[in-house]
Structures are given as structure tokens and as C-alpha cells.
1. Select one label from (i) 18.6; (ii) 16.4; (iii) 28.3: the one whose number is mean projected area of the Cα convex hull in nm² as derived from the coordinates shown.
2. Mind checking the dipole of the range 12-150: about its Cα centre, +1 per Lys or Arg Cβ, -1 per Asp or Glu Cβ, Debye to the nearest 20?
3. Enumerate the amide H contacts of HIS209 below 5 Å, restricted to partners 5 or more residues apart or on another chain; note that Pro and chain-start residues carry no placed amide H.
4. Charges at C-beta only: +1 for Lys and Arg, -1 for Asp and Glu. How large is the resulting dipole of the chain about its Cα centre, in Debye rounded to 20?
5. What is the helix-to-structure angle for 71-85, meaning the angle in degrees between its Cα long axis and the longest Cα principal axis of the chain, kept from 0 to 90 and rounded to the nearest 10?
6. Just want the ordering: THR184, THR223, from fewest to most Cβ atoms lying within 10 Å of their own Cβ.
7. Order by neighbour count: TYR22, TYR183, fewest other Cβ atoms within 10 Å first, most last.
8. Given +1 on the Cβ of Lys and Arg, -1 on the Cβ of Asp and Glu, and no further charges, what dipole in debye does the range 189-313 carry about its Cα centre, rounded to the nearest 20?
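Only the coordinates and a few stated rules stand behind these numbers; no lab work does. This one's a predicted model, so the numbers in the text were calculated from it and none came from an experiment. As a convention, Cβ positions derive from the backbone with ideal geometry for all residues, glycine included, and neighbour counts pool all protein chains shown.
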Amino acid sequence: MPERIAAPVEFPLKGIWYYDPYTPAEVHAHRSGPVVARARTRFQDVVIQHLEHLGRCLIVDGRIQSAEVDEYVYHELLVHPAMVAHPAPARVLICGGGEGAPLREVLRHPSVDAVVMVDLDAELIALCREHLGAWHRGAFDDPRVRLVHADARTFVEHTAETFDVIIADLTDPTESAPSKLLYTEEFYRAVARVLDPGGVFVTQAIGLHYDAGDRLHAMVHRTVRRVFADVRSYGDYILSFDYPWAFVGGAPRPVWDALTREEVDRRLRDRRIELRFYDGETHLRAVSLPKPLRALIAEAGAVITDEEPLTLP
């Protein structure tokens, strides 16, 4: 029989499209709507724009950081595993988190007395406060919150304060990003210095592909493991990123194995927290990593340092 070759299907792209670059060989396209706000800050290019499929989006240096349709999925996964891993988090540090949604989620926990949020870009935060009210829901105005406009690494290296939970909600470590030195062993050691002995740390840790490309996530995991005794990778699918997205949590003492499905639900219930996405069942799925990723994490290999930082294309 002659070889059959699929004929191309005509799919005209109508309207104006936003192209979200992933790699030199991959780009994701979204039909775009009106630009709500745009600014070139001292540190990065910031656009808040409506995309037809994703709703209002925060786009930084050409990459989608947060989208109306699913920001709660990302932020609940970032914040709540670490918060429920601590029996009564009172003092919390957020590194980054410009749109204010991590603040919103942290403040759900009734034991929280104080949150310090350190973000370099005051202009970005001003735009988010004005145009992303559905994200922060007034969290910036909560009297428990102290907002510091500074480099998060410098703050962590010099502060005399200590914290029960530290959350790193950072942009990806591209070559030009100010965040690339917040994924290194040196930074994690500085975090460990200001983390209470019973504390918990978590960082966003880039997208997953479930192939050899996940060596980059494995490097983040391995680097956190150089500093903390109990380390756990987890993740779930984020529509606006079109990938499973990963996080790494670390603690100086065992915490992660205690978070069974029943225990997560019990702690959320005791704190009277009802979430849209995260619960015990979701936690169980998020920490159940596929075999190829588990193998990569288990391998010996390089760690990320100031001298050799992780940089994405």
C-alpha cells in the first residue's frame, strides 16, 4: 500500500495573538484582547492584558506569570502545603509574590501574626494593586503585612528576624532575570539561617515535562536537599502555563511524611480553611511523582551555585 501522509488542516488564526515563548523550538499562542496596563519598570517589562482563553494575565518579560483562570491553583499549591506542614505558622516571609495572591493565601491561616513580603519591583506591585484586585483581595492593606521593596536575597542575608514559613514565589531564572541568584545553594543556606528550627521553606521550581528535560527541576531539588534534611518535590497541571508546574519544599526536621490525605484535611478543617483546589486528595496526587522524575531526583549530580547558576532560555 502507498504511504499515507496526513494532509494539513486549515485553521485560520483570526485576530491578534500573544505568543508565549517556552524554548527555541516551542511557543504557545493565545488570542489576545485589550492591554489593561503596560510599564517598563527599573527591573522588567510588565504587561497586564486580557487573553481570550485565560482572562486577565500578568505578563513579565514576555512570559505569563499569572492568569485569572487558574491563579488560585498555582498559589494554593505554592502556599498551603508549607503552611499546613507547620503546626501553627505565626511569622511568614514571602520572597517575590508581586501580585499579592501569596499574601491572600497566607493570611487565611488564623495563627499568622505577621507577614513580611519582600519584592524588588515597587512599580510592578503598584500595577498589581491597581489592576489585579481579584488576586490580592486587599491583602496588601492587612495590618499584619509589612511590604519591603528590596532584593529578597539581600534582605534574607542581613535580617535579624526569623520565620516559621518562608515562601519563594519567583520569576523563572532566565539569564536577565533578577531572580536567578535566588535558586542557588548559597541563597538556600541564607534562608536556613533565618528559618525557625521547626520551620518550612518552599520555592517554585519550574515546569515539568516528564522527560530528560526535568533534570533542571531535579537540580533545584538536589540543591535544596544540600541544605534541608527533609525535602519534597510536588506539582500539578497549570492551564495558563500548559505544563505541570513544580515546587520544592524543605525543612530542617521531618514534616512531609506526616501530611497524609486525612491529616491535610484535618489541619485545614481545624483552621477553618476552605479552598477551591487544594485539599488532602489533591496533596496526595501532587506529591505522587511519575517514575522518570523520581529517577532524576534520585540521581547524584550537580547543584546550583552562585558561580554556576541555573538559567533557562
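1. (i)
2. 160
3. Hits under the 5 Å cutoff: ASP214.
4. Using only the charged Cβ atoms, the result is roughly 440 debye.
5. Once rounded, the angle reads 30 degrees.
6. THR184, THR223
7. With the fewest neighbours first, TYR22, TYR183 line up as TYR22, TYR183.
8. The dipole magnitude comes to about 300 debye.
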